Amino acid sequence: MKPKNQLNPNKKFTLDLNLTLHQKKLFEQAAYLNGYESLASFIIKVVQKSAREFLKENKKILISEKDSYILFKAIENPPRPNKALKKAIGEYKSSLKHHDYRPTEN
């Protein structure tokens, strides 16, 4: 048995729109030319596609903003080096002592 507060994802809802005559004619013509059975099915299809694209783009922006925030926070407040990092730094510095990295003249 489903919890009472869980909505049926297949339940249909009504959306009322106020359109100008020009908008109604424009939408009807586009629906007819694209082979839709009704103006409602055309509007649902077009709005649904547009909404998905909008959310996809904005999700990228939000993720990008979140990543930027995390990066700058880490730069401003870097964590203290752990044992593995300290060891790696020591090995790197040691390797620099054994090599001559002066630029060669051409």
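What to note about this one:
Rundown of residues vs (1) at pLDDT below 80; (2) assigned to a loop (DSSP other than H, G, I, E, B); (3) on the phi < 0 side of the Ramachandran plot, yes/no style:
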site	(1), (2), (3)
GLN6	yes, yes, yes
LYS11	no, yes, yes
SER68	no, no, yes
ALA84	no, no, yes
ILE89	no, no, yes
SER95	no, no, yes
GLU105	yes, yes, yes
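Yes or no, residue by residue, for (1) in contact (Cβ under 8 Å) with a residue 60 or more places away in the chain; (2) exposed (fewer than 10 other Cβ atoms within 10 Å of the Cβ); (3) among the small types (Gly, Ala, Ser):
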{"site": "LEU19", "(1), (2), (3)": "no, no, no"}
{"site": "ALA30", "(1), (2), (3)": "no, no, yes"}
{"site": "GLU37", "(1), (2), (3)": "no, yes, no"}
{"site": "LYS59", "(1), (2), (3)": "no, no, no"}
{"site": "PRO79", "(1), (2), (3)": "no, yes, no"}
{"site": "SER95", "(1), (2), (3)": "no, yes, yes"}
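The values are calculated or read from the model by the stated rules, or taken from the named source; none is laboratory data. Owing to the predicted nature of the structure, the values given are computational and were not obtained by experimental measurement. Heads up, the Cβs are rebuilt from the backbone with ideal geometry, glycines too, and the neighbour counts pull from every protein chain shown.
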